[in-house]
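Taking it in order: structure first as structure tokens, then the write-up.
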Amino acid sequence: MLINRGTMMIKKLLLCSCLIAFLITVAGCSNDTDLNKNVKSSSTSAQQIIADSTDDYELVYNINYEGTILKNPEYSSCDWVPDRKIIKEFEEGLQEYFEELWKEQYILNDRRCRYYLAYVDFHIREYKRQYIGQYINDKKILFVNFLTLSDDMKNNWYKGQIEVLDGGEKYVHVFYDVEAKEYYGLAVSGLGIDRYHGD
């Protein structure tokens, strides 16, 4: 009798598992565009979703990051407006830039640089981004602010450029030369980690 109860229990579990697997498969194959339009891919090359756009800013995000393209020079140091293609290109190459920095001897020899780079590298997906197009030495540069939001920033971080002095690893920025496709100038709250790149 005990064997039959155990066998029945196993059969019920298998039946439930099959039913759940079937439902997941059916839900994943839905052609309903309303269900699928908000699905976010885990790939950084996934199409970005625009959440909000005004004359002053445009929110962009996917599962790996959330940011704002700042468009109005009244609220930021922008000279030109980057498009989503440039943002995607920047985000896709960011990890490789960090890997290159880890090879630099001066970083390996400096305990503070090692700590900050490790922190930023590990927490990169948690930062909000502000993307700002600038001309520096006649070059088209994407300046990116990485922010950890304090309570007073949560409702307005995407509207205008935020500058923080002495905020430690919570406030980081980096430059990206759009034409040369080169990253440089990684700085954590005033400490230049990337010393030998850029102009």
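Read the figures in this text as sums done on the coordinates, not as results from a lab. Keep in mind the model is a prediction, meaning the values are calculated, not measured. In this analysis, Cβ positions are derived from the backbone assuming ideal geometry, glycine residues included, and neighbour counts consider all displayed protein chains.
Here are some pairs, LYS103/LYS154; LYS103/LYS159; LYS103/LYS170; LYS128/LYS181; which of them have Cα atoms lying more than 26 Å apart in this structure?
LYS103/LYS154; LYS103/LYS159
Output the relative contact order of segment 92-199, whole-number percent, from Cα pairs under 8 angstrom with separation of 6+ residues.
21 percent
What net charge is computed for the residues neighbouring GLU74, neighbours being all others with C-beta under 12 Å from the C-beta of GLU74, Lys and Arg scored +1, Asp and Glu -1?
0
State the three equivalent ellipsoid semi-axes of segment 49-192, derived from the C-alpha gyration tensor as the square roots of 5 times its eigenvalues, in descending order and whole Å.
24, 17, 14
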